[in-house]
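Below you'll find the structure, written out as structure tokens, and then a few comments.
The values are calculated or read from the model by the stated rules, or taken from the named source; none is laboratory data. These numbers were taken from a predicted model, which means no experiment stands behind them. Don't worry about glycine lacking a Cβ; one is built from the backbone with ideal geometry, like all the others, and counts go over all protein chains shown. What goes into the accessible areas is simple: the full protein's heavy atoms, side chains included, and nothing from ligands, DNA or RNA. Shrake-Rupley method; radii C 1.70, N 1.55, O 1.52, S 1.80 Å.
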Amino acid sequence: METATAAEGGRTLSTKQVKAFGTQAAAAPLNPLHIQRRRPTAHDVEIEILYCGVCHSDLHTARNEWHGTVYPCVPGHEIVGKIVSVGEHVTKFKTGDLAAVGCMVDSCRECDYCKEGLEQYCENGNTLTYNSPDKYMEGHTFGGYSESVVVNENYVLRIPENLDLAATAPLLCAGITTYSPLKHWNAGAGQKVGIVGIGGLGHMGVKLAKAMGAEVIVYTTSPSKVEDAKRLGADDVVLSKDADQMQRYAGKLHFVLDCVSANHNINDYLAQLRVDGTLALVGAPEHPLPVAAFSLIPFRRSFAGSTIGSIGETQEMLDFCGKHNIVADIEMINIQQINEAYERLLKGDVKYRFVIDMASLKK
């Protein structure tokens, strides 16, 4: 490994070169490359990455579909690994511990939201695991499609010992993205909860809502997913293209978690809510979704959104999954298959999350 120096607050910072997989342009495939990682400072841990989940956000960012991607881009924010070194003042972890990193690796720590333990809503902008300005080194952050990552201990998570490591990786994004709104809107016993879409997010939403004690109704456009939705824990499945089936729970649900990133008629799902019900959108459609005023007004319904959770809530989610033995349904791939995986992801051809065996990066 080569070493170099980078500026941090007027002092030098020791770095090293590591292998990674990334892209140099929006239209270019992902290929092997080398990146610089800082060596651990006083409160950092260095994690050897064992597994990294593949999120649709990775594809969006690599291809600059959300605009603002900085190249070279190394995606990956569902990271599971083993700590191989720690800074001199680290107290939460030790060498040899299993650890995880999700969608953010830092925040300002000073704004109202950070002080309230809501650093995912940091007013000054949290530092995302990839494609964010790097607070320590010049340039931007690189994600988990790499040999290792160095993260401040306060943004690192513990993994319950009973969970399969590879299948835990998607919990760091898909898990917390669905857990946070379900928890916030009190999904649980006595509640009818709708999950719209069965993919990387939706399949986690079903498992989590069911474990929370809710009655879970899945909405899908795919007849082929009916039995699988029930296997995941759904109490009932509604084919959303069937107008008669869509009447079955009209006006009856307490909460709807919408996990669909494609354009769809949001009013059809708002109509499933009872008085004072809430629909929370966690999918990210490319174009705005028209909302009819009378989908909301007569029933005091709410249309909301939600992002990931805080570090504290993400740890809570991992502990909850440990207690209930919940992990993602995954298909393991080697890093050399990532471009093929992206094409399959676009077609929805995965049940339900790709996870990269990062040992393949050494080949």
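Give the calculated FRET efficiency between K230 and R39 to the nearest 0.05, with a Förster radius of 51 Å applied to their Cβ-Cβ distance.
Numbers: r = 50 Å, r/R0 = 0.98.
Result of the calculation: an efficiency of 0.55.
Taking θ = phi - 60°, what integer Hz values does the Karplus form 6.51 cos²θ - 1.76 cosθ + 1.60 yield along the stretch 174-188, in sequence order, with x for Gly and Pro?
Result, ordered by residue: 4, x, 6, 5, 8, 4, 4, x, 4, 5, 4, 9, 6, 4, x Hz.
Using a basic spin-label model with each label point 7 Å from the Cα along Cα→Cβ, how many nm lie between N263 and M332?
Calculated label separation equals 4.1 nm.
About the Cα centre of the stretch 174-305, what is the dipole size in debye to 20, counting +1 per Lys and Arg Cβ and -1 per Asp and Glu Cβ, all else neutral?
Value, rounded to 20: 300 debye.
Residue-wise, which Karplus ³J(HN,Hα) couplings in Hz belong to the stretch 133-142, taking 6.51 cos²θ - 1.76 cosθ + 1.60, θ = phi - 60°, and x for glycine or proline?
x, 7, 6, 9, 10, 5, x, 10, 7, 10
Over the chain, give the accessible area per residue in Å² for a 1.4 Å probe, as an integer. All intermediate terms of the calculation are to be shown ahead of the outcome.
On the way: 15590 Å² over 363 residues.
Using a 1.4 Å probe on heavy atoms only, each residue of the chain averages 43 Å².
Less than 15 Å Cβ to Cβ from E116, Lys/Arg counted +1 and Asp/Glu -1: what total charge do the surrounding residues give?
Within the 15 Å Cβ shell, the charges total -3.
Assuming 0.36 nm per residue, please report the length gained on full extension of the stretch A359 to D112 beyond their Cα-Cα distance.
Stretched fully, the A359-D112 segment lengthens by 84.9 nm.
Apply 1/(1 + (r/R0)^6) to the Cβ-Cβ distance of A250 and T307, taking R0 = 25 Å, and write down the FRET efficiency to the nearest 0.05.
0.30
Specify whether the C-alpha gyration tensor of the stretch 174-305 places it in the rounded, prolate or oblate class, a ≥ b ≥ c being the square roots of the eigenvalues: rounded for a/c under 1.5, otherwise prolate if a/b is larger than b/c and oblate if not.
Because its axes are fairly even, with a/c under 1.5, the stretch 174-305 counts as rounded.
Pull out the extension gain between E138 and V291, defined as 0.36 nm times the separation in residues minus the alpha carbon to alpha carbon distance; nm, one decimal.
Answer, rounded to one decimal: 50.8 nm.
Output ³J(HN,Hα) for the stretch 28-45: one whole-Hz value per residue in order, computed from phi by the Karplus curve 6.51 cos²θ - 1.76 cosθ + 1.60 with θ = phi - 60°, and x for Gly and Pro.
Listing the rounded values in order: 8, x, 7, 9, x, 7, 10, 10, 9, 10, 6, 7, x, 8, 3, 10, 9, 10 Hz.
Could you work out [θ]222 nm for the chain from helices alone, using -39500 (n - 2.57) per DSSP H run of at least four and dividing by all its residues? Round to the nearest 500 deg cm²/dmol.
-5500 deg cm²/dmol
How far apart, in nm, are two points set 7 Å out from the Cα along the Cα-to-Cβ line at Q24 and at V84?
Rounded to a tenth, the inter-label distance reads 2.6 nm.
Report, to the nearest whole %, how much of the accessible area of the stretch 81-225 belongs to carbon and sulfur atoms, 1.4 Å probe, protein only.
47
Please compute the modelled spin-label separation between V275 and E161, points set 7 Å along Cα→Cβ, answer in nm with one decimal.
That separation, rounded to one decimal, is 5.2 nm.
Using only the heavy atoms of the protein chains and a 1.4 Å probe, how would T91, T15 rank by accessible area, largest first? Don't skip to the end; give the middle numbers.
Working: T91 115, T15 5 Å².
Most to least solvent-accessible, the answer reads T91, T15.
Taking amide H positions as placed 1.01 Å from N in the peptide plane, with prolines and chain starts having none, which residues 5 or more places from R39, or on another chain, fall under 5 Å of its amide H?
S14, T15, K16
Find out how many positive minus negative residues lie around L289, taking Lys and Arg as positive, Asp and Glu as negative, among other residues whose Cβ is under 15 Å from that of L289. It would help to have the intermediate numbers written out before the result.
On the way: positive: R301; negative: D258, D268, E286.
It works out to a net charge of -2.
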